[in-house]
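Input: a single structure, listed below in structure tokens.
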Amino acid sequence: MERHPFRRGSSWNCLLFLLFLLLFTVIFINLLLYVYLNQIYVPSEYNELDPSVCPRGYFKMGMMKNCSPWLSCNDIKKGVRKLKLVGEGAVKKVFLAEWKQMKVALSQLILKEFLDDFMHGLRMLQSLQSRHVVTLLGYCEESNTILTEYHPLGSLKDLDKTFALPKYQSLNTWQNRLRLAVDYVSIISYLHNSPIGTLVMCDSNDLNKVLSQFLLTSDFHVVANDLDALPLVDERKGILVKCGKREIMGVFVAPEQLWPYGPDVKFSDDLMPPYDEKTDIWKIPSVTDYLLGHVAGSDIVRFHLFDVHSGCSKTNPSERPSAQIVLDVYRRILALLMKEFAVSETREML
């Protein structure tokens, strides 16, 4: 039989061409993924205000197409119907209610002695409306009532229970949990750089108390909800804060919030040194650790966050990074890990 060596050579050339084409395709797809993910996860400009947020004094929620003025006492009295009690704290009771066939949250003051705290929370809601804060729908100072958007998934305190529900089990991933941590740090950064100045989250002496201040939205984002204890710091004017007049204890709070004179000296608010917003930075690693949970991949995230969390845990508050620096690191790590994950998935598919 006559041999045709040129056919064997042609087959090898064809195989090499296919291998080259496959390699080029992998490189090209990876390049596209890097560019695409970089645009999504590392925006060059980060707008703190959602484009859909209405002007001051107006709101929009759900399927509403137009902004509506904040509801007045008369609007609330005539148009809002209580359904059931869903929460109660030291300052207020919270009811699930209905307005124009939409679920809303109705908060009412419990004790007159907490009126200042209640009104402070209202003023903060009015001043800080943004994508970081629960939507204010209306209020009535006569009846000490505040109406806000209702989020059925509740506070971050119930996050693990939410992810355990069959409906949300598929969303229980390190990616979604890290995004929630980014949202949380975004809120801290917003409060530290708010339109009315640097605000400190004082109602945060333990992890559960912090988590109860934030709500989980139906599209799995985080918004600040309880703003009753947000004092203002202005170091240039010498304005610092003390979170309450009682002694604060525990490993969760920042070192500067602890009584510095030892057990032999009786606690006195007059002797307690004030502090600044860096107390919030100290608490970030503990809150993020909770948010990450124990899903596959969460330990890798913790490894990448180790350095910035070490900075947050500095005993000297002045050595801790600002909330904006922490946020920038969180975003970079999210972008990096998402790129690596996308590339890994692409390689497995090929």
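The values are calculated or read from the model by the stated rules, or taken from the named source; none is laboratory data. None of the values given here were measured: they were computed from a predicted structure. As a convention, Cβ positions derive from the backbone with ideal geometry for all residues, glycine included, and neighbour counts pool all protein chains shown. In case anyone asks, the SASA skips ligands and DNA or RNA and just uses the protein heavy atoms, side chains included. Shrake-Rupley method; radii C 1.70, N 1.55, O 1.52, S 1.80 Å.
Structure notes:
- In the set (1) surrounded by fewer than 19 Cβ atoms within 10 Å (Cβ to Cβ); (2) among the charged types (D, E, K, R); (3) in contact with a helix residue (DSSP H, G or I) (Cβ under 6 Å, 6 or more places away or on another chain), R177 fails one condition alone, (1).
- The stretch 257-309, subset of a type in the set (F, W, Y) and open to solvent by 60 Å² or more (accessible area, probe 1.4 Å), residue farthest from K161 (Cα to Cα): Y261
- Given (1) open to solvent by less than 70 Å² (accessible area, probe 1.4 Å); (2) modelled with pLDDT under 95, index of the condition Q39 fails: (1)
- Only one of the numbered conditions (1) more than 24 Å from K92 (Cα to Cα); (2) modelled with pLDDT under 95; (3) in contact with a Phe, Trp or Tyr (Cβ under 7 Å, 6 or more places away or on another chain) is violated by E235, and that is (3).
- In the stretch 195-221, the residues that are aromatic (F, W, Y) form Cβ pairs under 6 Å with partners that are open to solvent by less than 20 Å² (accessible area, probe 1.4 Å) and not in a strand (DSSP E or B), at six or more places apart or across chains, as follows: F214/L156.
- Subset of the stretch 212-262 [at positive phi and hydrophobic (A, V, I, L, M, F, W, C)]: F220
- Taking the stretch 275-350 as the region of interest, the helices (runs of 4 or more DSSP H) fully inside it that hold 2 or more residues being at pLDDT below 95 and out of contact with any Ser or Thr (no Cβ under 8 Å at 6 or more places or on another chain) are 323-349.
- Set S204, S189: member being in a loop (DSSP other than H, G, I, E, B) and more than 17 Å from P273 (Cβ to Cβ): S204
- Meets criteria (out of contact with any Cys (no Cβ under 9 Å at 6 or more places or on another chain) and free of Cβ contacts under 8 Å to residues at least 40 places away in the same chain) for L240: yes
- Hey, I248 hydrophobic (A, V, I, L, M, F, W, C), farther than 26 Å from M61 by Cα and surrounded by 15 or more Cβ atoms within 10 Å (Cβ to Cβ) or not: yes
- Within the stretch 49-98, being under 19 Å from D226 (Cα atoms) and of a type in the set (V, I, T) holds for V86, V91, V94.
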